[in-house]
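Peer 1: Can you read through this structure? Questions will come right after.
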Protein chains: 2
Amino acid sequence: MKDYTYDNFRDDLQKLNILKPDAILAIARGGLTLAHHLAEIFDIREVFTINAVSYEKTQKKETIDIFNIPNLHSYKNILIVDDISDSGETFKKVLKILKEKYKNLNFKTLAIFYKPSSKFKPDFYFQETNEWIRFFWEKY
Amino acid sequence: MKDYTYDNFRDDLQKLNILKPDAILAIARGGLTLAHHLAEIFDIREVFTINAVSYEKTQKKETIDIFNIPNLHSYKNILIVDDISDSGETFKKVLKILKEKYKNLNFKTLAIFYKPSSKFKPDFYFQETNEWIRFFWEKY
């Protein structure tokens, strides 16, 4: 297991090299703190959330509920953010739903961590890892 | 001006003495990081956001737009969170709108900082201050 501290997070944010989007969409809960910091960096107020909750149906089967899809019609370039692309199922399902609903928008994805075993590779990520990550907001 | 660091935030979160709500509603952007951490503390996935953007019309007049009101019908006790109750107008307007829409829900409010000059006093707050606060997520 690897601890990901707030200082690590700040270091990673310094390396950010992404064009300013029209809106940031955080996948809740994991993407909330990242979205908040990115909104400050990009100086934009258009920060929205979408909820994703995954259930393990069986040991091999994962089901993900996506809800609270925000109204994004006024925007063009959307940056979807989450803490980690682990199995990759959350990003995959969120993108699928959003692309169906908003056919003319450009979606880019950013995760702090990307696992090579993930079925989804974000457009941007800070670190690649095979480890279990304990994020600073989880340490209670 | 006073710097509010991530360590200060962690210290404040330790003092938290609030009953677990059914859902957390973050006022975006200011409440996002707080909501994320609270969701971990309370171990709940029901974290939603509402957007508040304030414009200074004149030096004395502030207008606040509230949008993306989430569906809260399945819940009873909602904790609304923001970074600071400064003028207090944001909390006041968000509460007014939510109470009109959801007459049977219980709303409680939490801010990290409360200014005595605020027109609104949150049910809970970590610190009272008269200073200008620079939050850790703002330091870019």
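Peer 1: Between segment A:76-127 and segment B:49-100, how far is it from one alpha carbon centroid to the other, in angstrom?
Peer 2: Value for the Cα centre distance between the two parts: 29 Å.
Peer 1: Okay, next question. Given segment A:18-140, what percent of its DSSP beta bridges are antiparallel, to the nearest 5?
Peer 2: Working: 6 of 27 bridges.
Counting DSSP beta bridges with both partners in segment A:18-140, the antiparallel share is about 20 percent.
Peer 1: Residues of segment A:105-138 with backbone nitrogen within less than 11 Å of a virtual label 7 Å along the Cα-to-Cβ line of residue A:87, please, listed as ranges.
Peer 2: Under 11 Å, as judged by backbone N against the label point of residue A:87, lie A:119 of segment A:105-138.
Peer 1: What is the extension gain from residue B:45 to residue B:139, computed as 0.36 nm multiplied by their sequence separation minus the C-alpha to C-alpha distance, in nm to one decimal? Mind showing how you got there, number by number?
Peer 2: Values: separation 94, 0.36 × 94 = 33.84 nm, distance 2.83 nm.
Taking residue B:45 through residue B:139 to full extension adds about 31.0 nm, to one decimal.
Peer 1: Output wanted: per-residue J couplings in Hz (rounded whole) for segment A:20-31, from phi through Karplus 6.51 cos²θ - 1.76 cosθ + 1.60, θ = phi - 60°, x for Gly and Pro.
Peer 2: 3J(HN,Hα) across segment A:20-31, in whole Hz: 4, x, 7, 8, 10, 10, 8, 7, 8, 8, x, x.
Peer 1: Taking H as built 1.01 Å from N, whose amide H comes closer than 5 Å to the amide H of residue B:109, not counting residues under 5 places away?
Peer 2: B:80, B:123, B:124
Peer 1: At 7 angstrom along the Cα-to-beta-carbon line, where would the label on residue B:73 sit relative to the other copies? Give the distances in nm, shortest first.
Peer 2: Those separations, rounded to one decimal, come out as 2.1 nm.
Peer 1: To the nearest hundred square angstrom, how large is the accessible surface buried between B and A, total for both chains, probe 1.4 angstrom?
Peer 2: Values: alone 8560 and 8560 Å², together 14180 Å².
The contact between A and B buries close to 2900 Å².
Peer 1: Quick one: if you stick a label point 7 Å off each Cα along the C-beta vector at residue A:61 and residue A:95, how many nm between them?
Peer 2: 2.5
Peer 1: Can you list, shortest first and in nm, the gaps between the label point of residue B:128 and those of its counterparts in the other copies, using a point 7 Å from Cα in the C-beta direction?
Peer 2: Between copies, matching label points for residue B:128 lie 5.5 nm apart.
Peer 1: Once the label point is set 7 Å along the Cα-to-beta-carbon vector, what list of distances in nm do you get between residue B:3 and its counterparts in the other copies?
Peer 2: Result for residue B:3, in nm, nearest copy first: 2.1.
Peer 1: Starting from one equal scatterer on each C-alpha and no solvent at all, send me the Debye-based log10 I(q)/I(0) for chain A at q = 0.10, 0.21 Å⁻¹, two decimals.
Peer 2: Once normalised to I(0) and log-transformed, intensities are -0.32, -1.44.
Peer 1: Further, regarding this structure: Sort the following peptides by mean Cβ neighbour count (other Cβ atoms within 10 Å, averaged over residues), highest first: A:127-137, A:104-114, A:34-44, B:95-105. Intermediate values should be presented prior to the final figure.
Peer 2: Details: A:127-137: 15.1, A:104-114: 19.3, A:34-44: 20.8, B:95-105: 12.5.
Result, highest mean first: A:34-44, A:104-114, A:127-137, B:95-105.
Peer 1: Ignoring everything except DSSP H segments at least 4 long, calculate the 222 nm mean residue ellipticity for the protein assembly as shown; use -39,500 (n - 2.57) per segment, divide by total residues, nearest 500.
Peer 2: Working: 6 runs with 66 residues, N = 280.
Theoretical 222 nm ellipticity from helices: -7000 deg cm²/dmol.
Peer 1: What number does the protein assembly as shown give for Rg over Rh if you use C-alpha atoms and the Kirkwood radius?
Peer 2: Working: Rg = 18.4 Å, Rh = 19.4 Å.
Reported Rg/Rh (Cα atoms, Kirkwood Rh): 0.95.
Peer 1: Per residue of B:25-33, what is the mean number of Cβ atoms on other protein chains within 10 angstrom of that residue's Cβ?
Peer 2: Values: counts 0, 6, 0, 11, 11, 2, 2, 12, 7.
Rounded to a whole number, the mean comes out at 6.
Peer 1: Now a separate question. So if we plug the beta-carbon distance of residue B:132 and residue A:105 into 1/(1 + (r/R0)^6) with R0 = 41 Å, what FRET efficiency do we get, rounded to 0.05? Display every interim value, and only then the final one.
Peer 2: Details: r = 37 Å, r/R0 = 0.91.
Once the sixth-power term is evaluated, E becomes 0.65.
Peer 1: Percent of alpha carbon pairs in segment A:23-80 separated by more than 13 Å?
Peer 2: Working: 1039 of 1653 pairs.
That fraction is 63 percent.
Peer 1: If you average the sequence gap of Cα pairs under 8 Å that are 6 or more apart and divide by the length of chain B, what percent do you get for the contact order? Walk me through the numbers before you get to the answer.
Peer 2: Numbers: 242 pairs, mean separation 36.0, N = 140.
Reported relative contact order: 26 percent.
Peer 1: Continuing with the same structure: If you count only protein heavy atoms and use a 1.4 Å probe, how large is the accessible surface of residue B:1, to the nearest 10 Å²?
Peer 2: Result for residue B:1: roughly 140 Å² accessible.
The values are calculated or read from the model by the stated rules, or taken from the named source; none is laboratory data. For clarity, every value in this text was computed on a predicted model and none was experimentally measured. Positions of Cβ are backbone-derived with ideal geometry, glycine not excepted, and every protein chain shown enters the neighbour counts. Side chains are part of the model used for accessible areas, which takes the heavy atoms of the whole protein and leaves out ligands, DNA and RNA. Shrake-Rupley method; radii C 1.70, N 1.55, O 1.52, S 1.80 Å.
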